[in-house]
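Since the structure comes first, as C-alpha cells, the remarks are kept for the end.
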Amino acid sequence: MRFHVEPRDIPAHAAARRLGLTAEEFDQVADRLYSRGFPRPDPDTNRFDLDAIDQWRRLRNGPLFGLTPKIDAKNASDVVGDRVRKMRRGAP
C-alpha cells in the first residue's frame, strides 16, 4: 500500500509561488522579506518550511486570525530608567 506524502519542506520556486511570485521576483525581494521575519530555508536542505511560511503570512494580519506577534518582555529596570531620564529632561 502506498501513501501520498505532502512535502512540508519546499524548494525556493515553490515558496515563491506560495507568495504569488515568480522565482525571479522572489530573489529580488528575498532580503526585504527576511528582514521582516520571513522564514529562511533550512541550512542543510535549502528548503523552506511551508507551515512556517503560512504562519508568517497569517501574522502579517494577525488580528484577523486571532493572532498577535511575539512581544519580548522588557527589563523593568530599563523601563524605569528610561522614564526617569525622560522626566529629568522634561519630556512627556
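The values are calculated or read from the model by the stated rules, or taken from the named source; none is laboratory data. In this text the structure is predicted, and so the values were computed from the model without any measurement. Ideal geometry is used to build each Cβ from the backbone, glycine not excepted, and the neighbour counts take in all protein chains shown. Quick note on the areas: whole protein, heavy atoms, side chains included, nothing else; ligands and nucleic acids left out. Shrake-Rupley method; radii C 1.70, N 1.55, O 1.52, S 1.80 Å.
What residue, of Gly81, Gly90, Gly62, is out of contact with any helix residue (DSSP H, G or I) (no Cβ under 8 Å at 6 or more places or on another chain), on the phi > 0 side of the Ramachandran plot and not basic (Lys, Arg)?
The unique qualifying residue is Gly90.
Would you be able to tell me the number of residues in region 13-22 that are in contact with a helix residue (DSSP H, G or I) (Cβ under 8 Å, 6 or more places away or on another chain), open to solvent by 40 Å² or more (accessible area, probe 1.4 Å) and not hydroxyl-bearing (Ser, Thr, Tyr)?
4
Six or more apart or on different chains, Cβ under 7 Å: which pairs go from a residue in region 24-36 that's within 15 Å of Trp56 (Cβ to Cβ) to one that's surrounded by 10 or more Cβ atoms within 10 Å (Cβ to Cβ)? Could you list them?
Phe26/Ala12; Phe26/Ala15; Phe26/Ala16; Phe26/Leu19; Tyr34/Arg40
Only one residue in Asp27, Asp31, Asp9, Asp44 is in contact with a Ser or Thr (Cβ under 7 Å, 6 or more places away or on another chain), open to solvent by 70 Å² or more (accessible area, probe 1.4 Å) and at pLDDT 95 or above. Which one?
None of the others qualify; the one that does is Asp9.
I'd like to verify a number: residues in region 47-92 that are part of a helix (DSSP H, G or I), modelled with pLDDT of 80 or more and of a type in the set (S, T, N, Q), how many?
Count: 1.
Kindly indicate the residue of region 50-59 that is touching a helix residue (DSSP H, G or I) at 6+ places or on another chain (Cβ under 9 Å) and either in contact (Cβ under 8 Å) with a residue 40 or more places away in the chain or of a type in the set (Val, Ile, Thr) (or both) and also least open to solvent (accessible area, probe 1.4 Å) among those meeting that condition.
Ile53
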